[in-house]
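**Student:** Got a structure for you, questions after.
Just so it is clear, none of the values below were taken in a lab; they were calculated from the coordinates. All of these numbers come straight from a predicted model, not from anything done at the bench. Glycine gets a Cβ as well: all are built from the backbone with ideal geometry, and neighbour counts include every protein chain shown.
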Amino acid sequence: MKKVLIVGGGLGGLSAALALRQHGIAVDLIEASRNWTVQHDGMLIQEHALRAMVEEAGVTVRVGVSFVEMRDLGRAVGVRFTDNTSGGYDLVVGADGADSKVREVVFGNGQQGIHKGRVVLIGDAVHAISTHPGQESAQAVKDGILLGELCGQRMPVEEMLAAFGVRRADLRLAKLAGPVGVALRSADEQRS
Ligand SMILES: Cc1cc2nc3c(=O)[nH]c(=O)nc-3n(C[C@H](O)[C@H](O)[C@H](O)COP(=O)(O)OP(=O)(O)OC[C@H]3O[C@@H](n4cnc5c(N)ncnc54)[C@H](O)[C@@H]3O)c2cc1C
């Protein structure tokens, strides 16, 4: 894994960007909003502070930019951007929130999933409607860190994304301690 595109500069996208940089992976991040602020728990973090943090880590950030087209070519994903540039990536991370355009493009309306080919969703982009009200921002951060950690392990993309799906589910169930969590984990194991 050499180069990753992150679509969306919210908590999930930023966490993933920093985690990926820690493993020496090149990261391009596009954020559609020109007035880029990160919202969580009623707190606003100023754009320039965040931008300084991710740029210091070596992330290439483009604000006011989205994508026009995304084509999974098997060995890479070809992306065309709204600023008339294009690029090729080993992995595209959809961190573009509850109304995720990446989710729409990859899974279509009504379908669900976390990854397909070389595209993966994190944070609010995974579900149109929250399944864990009040814990969404923590989930977005955990997703970003977990994805960065797995990308650093240098395994084939399909294997890595399958592990991401499993470990993400484990993290969610791990919150449910006691008999309910044990029962859910056991049901999950029996299904797989
Ligand atoms: C009023 C309010 C209160 C909340 N309270 C809580 C709370 O108490 N506890 C809690 O845990 N969570 C809370 N949340 C939810 C929390 O803010 C989100 O779960 C969290 O921000 C998700 O992070 P994310 O990075 O997945 O998505 P987002 O924060 O939505 O970030 C997505 C980013 O992608 C950008 N983007 C969108 N489309 C594109 C595109 N096509 N191309 C490029 N960029 C794009 C957006 O501009 C945005 O910056 C609250 C949310 C709101 C609105």
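**Student:** Just one of the numbered conditions (1) touching a residue at least 12 places away in the same chain (Cβ under 8 Å); (2) within 10 Å of the ligand (Cβ to nearest atom); (3) surrounded by 13 or more Cβ atoms within 10 Å (Cβ to Cβ) is not true of D99; which one?
**Tutor:** (3)
**Student:** Ok, one more. Counting only residues that are under 16 Å from the mean Cα position of the chain (by Cα) and free of Cβ contacts under 8 Å to residues at least 12 places away in the same chain, how many does the range 102-134 have?
**Tutor:** 3
**Student:** Another question about this same structure. If you take just the strands (runs of 3 or more DSSP E) that sit entirely in the range 66-119, which of them hold at least 2 residues that are touching a strand residue (DSSP E or B) at 6+ places or on another chain (Cβ under 7 Å) and within 15 Å of V157 (Cβ to Cβ)?
**Tutor:** Correct list: 86-89, 91-94.
**Student:** Sticking with this one: Mind checking which residues of the range 77-96 are surrounded by fewer than 16 Cβ atoms within 10 Å (Cβ to Cβ) and within 12 Å of the ligand (Cβ to nearest atom)?
**Tutor:** T82, D83
**Student:** Of all residues in the range 1-38, which are among the polar types (S, T, N, Q), over 22 Å from T82 (Cα atoms) and either surrounded by 24 or more Cβ atoms within 10 Å (Cβ to Cβ) or within 13 Å of the ligand (Cβ to nearest atom) (or both)?
**Tutor:** S15
**Student:** Let me ask you something else. Which ones in the range 129-149 are over 22 Å from V65 (Cα atoms) and of a type in the set (A, V, I, L, M, F, W, C)?
**Tutor:** I129, A138, V141, I145, L146, L147
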